[in-house]
Amino acid sequence: MSTSTAELLETTLRGTGTEVVIGHGRRFCLIGERINPTGRRIFQEQLRAGDLSAIERDVKAQVEGGADVLDVNMGVPMTDEPELLAKAVTLVQELTDKPICIDSSVVEAIEAGLAAYRGRALVNSITAEDDRMAAILPLVKKYDAAIIALPNDAEEIPMEADRRLELVQHIVEVATGEYGIAKQDIVIDPLAMPIGADTSMVTTTLETMLRIRDGYGLNMTCGASNVSFGMPDRHTIGAAFLPMAMTAGLTSAIMDARSPQIVDAVKAADLLLNHDEWGTSWIASHRKKQAAQA
């Protein structure tokens, strides 16, 4: 399906016992987004009180739902985020051997999370702003991690694919040239914007994805729920969007793995795109469901 002129790259992540390779010819990587207190008042109150028990439930639900990697975010106001993120990373690694995506806007918290982590993490995220790259990319290099990068800068979230590609080029040049980050360890978020604000947004995102895959061979991820924000029946939109995005080169997504409709759509797309040899994953998933129902 690809008319790529670039070498298609693979990004390797490791937990304590599981290696996950994100790549264009591989099964889609589900990054479970639930271990995040944003918009969860009770969870925030628990974390402020030092109660991390909800994390255990979230890890179990995301892994059972099919997450390959777990995004861990501890952005709670009025807490010591670096200490909290390090504790959460340690706890999650006691509960699962899957890799973690360390998610914070606070540089000190990212470093604390990376220092506590055992394996090869994904860091979420940098933008194309030079000061942001200067703050985070040395940590990515020091701890041998991979990085999610968003092609926006201080001025704007670009609405045109051309400008997004210019910023991708800048990120790649700076990350590889100035900080020695391997190209395959740069995962681009092509900026999936809400269609509720502008229904032409997804076509721009799909064009961006195609051009990143074909021009750079880079892996990509996005916040899958962003697209349907503000619209009714969001799971149906998500279940349509991700297979479309997969054909354009999206290789992973940060999403709630408790959404069977969306997870099943992704697994079906893997099968149809020949990313699931002999349908082994699809069949295993079906048998697991049958066993659960029985």
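For the reader, a short list of remarks on this structure follows.
Yes/no matrix, rows are residues, columns are (1) among the β-branched types (Val, Ile, Thr); (2) part of a helix (DSSP H, G or I); (3) at pLDDT 95 or above:
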{"position": "Met231", "(1), (2), (3)": "no, no, yes"}
{"position": "Pro243", "(1), (2), (3)": "no, yes, yes"}
{"position": "Leu250", "(1), (2), (3)": "no, no, yes"}
{"position": "Asp264", "(1), (2), (3)": "no, yes, yes"}
{"position": "Ala269", "(1), (2), (3)": "no, yes, yes"}
{"position": "Trp282", "(1), (2), (3)": "no, yes, yes"}
{"position": "Ser285", "(1), (2), (3)": "no, yes, no"}
{"position": "Ala292", "(1), (2), (3)": "no, yes, no"}
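- Remark: Ala134 matches the filter, which requires a residue to be more than 26 Å from Phe241 (Cα to Cα) and out of contact with any helix residue (DSSP H, G or I) (no Cβ under 8 Å at 6 or more places or on another chain).
- Of all residues in the range 252-262, those satisfying the criterion of being over 25 Å from Asp198 (Cβ atoms) and either in a helix (DSSP H, G or I) or over 13 Å from the mean Cα position of the chain (by Cα) (or both) are Arg258, Pro260.
- Any hit, the range 44-65, residues being of a type in the set (A, V, I, L, M), more than 24 Å from Thr251 (Cα to Cα), touching an Asp or Glu at 6+ places or on another chain (Cβ under 8 Å) and at pLDDT 95 or above: no
- Selection status of Thr208, free of Cβ contacts under 8 Å to residues at least 40 places away in the same chain and part of a helix (DSSP H, G or I): no
- Scanning the range 150-175 for residues that are more than 22 Å from Thr11 (Cα to Cα), charged (D, E, K, R) and under 21 Å from the mean Cα position of the chain (by Cα) yields a count of 1.
- Where Glu178 falls short, out of the listed (1) surrounded by fewer than 20 Cβ atoms within 10 Å (Cβ to Cβ); (2) under 22 Å from Gly15 (Cα atoms); (3) not hydrophobic (A, V, I, L, M, F, W, C): (2)
- Positions within the range 1-22 being under 16 Å from Ala145 (Cα atoms), touching a residue at least 24 places away in the same chain (Cβ under 8 Å) and not acidic (Asp, Glu), in sequence order: Leu9, Thr11, Thr12, Leu13, Arg14, Gly15, Thr16, Thr18, Val20, Ile22
- Scanning the range 123-140 for any residue that is of a type in the set (Ser, Thr, Tyr), buried (at least 18 other Cβ atoms within 10 Å of the Cβ) and within 26 Å of Thr96 (Cβ to Cβ) turns up at least one such residue.
- Residue list for the range 119-160, filter: assigned to a loop (DSSP other than H, G, I, E, B) and in contact with a Gly (Cβ under 9 Å, 6 or more places away or on another chain): Gly119, Ala121
- Meets criteria (crowded, with 21+ Cβ neighbours inside 10 Å and closer than 26 Å to Asp80 by Cβ) for Val187: no
- The range 172-200 residues that are assigned to a helix (DSSP H, G or I) and hydroxyl-bearing (Ser, Thr, Tyr), paired with ones that are at pLDDT 95 or above and crowded, with 22+ Cβ neighbours inside 10 Å (beta carbon under 8 Å, 6 or more apart): Thr176/Ile186; Tyr179/Met133; Tyr179/Leu137; Tyr179/Val140
- Restricting attention to the range 28-63 and to residues that are outside any helix (DSSP H, G or I) and touching a residue at least 60 places away in the same chain (Cβ under 8 Å), the residue that is nearest to the chain's Cα centre (by Cα) turns out to be Ile31.
- Verdict on Tyr216 being surrounded by 15 or more Cβ atoms within 10 Å (Cβ to Cβ), touching a residue at least 60 places away in the same chain (Cβ under 8 Å), closer than 25 Å to Arg14 by Cβ and over 17 Å from the mean Cα position of the chain (by Cα): yes
- Val76 surrounded by 15 or more Cβ atoms within 10 Å (Cβ to Cβ), in a strand (DSSP E or B), of a type in the set (A, V, I, L, M, F, W, C) and at pLDDT 95 or above: no
- Contact annotation: residue pairs with Cβ atoms under 8 Å, 6 or more positions apart or on different chains, pairing a residue in the range 246-258 that is within 12 Å of Ile188 (Cβ to Cβ) and in contact (Cβ under 8 Å) with a residue 40 or more places away in the chain with a partner that is among the hydrophobic types (A, V, I, L, M, F, W, C) and surrounded by fewer than 22 Cβ atoms within 10 Å (Cβ to Cβ), are Gly249/Leu210.
The values are calculated or read from the model by the stated rules, or taken from the named source; none is laboratory data. What you see is a predicted model, and the numbers here were worked out from it, not measured in a lab. Neighbour counts are summed over all protein chains in view; Cβ atoms, including those assigned to glycine, are modelled from backbone coordinates with ideal geometry.
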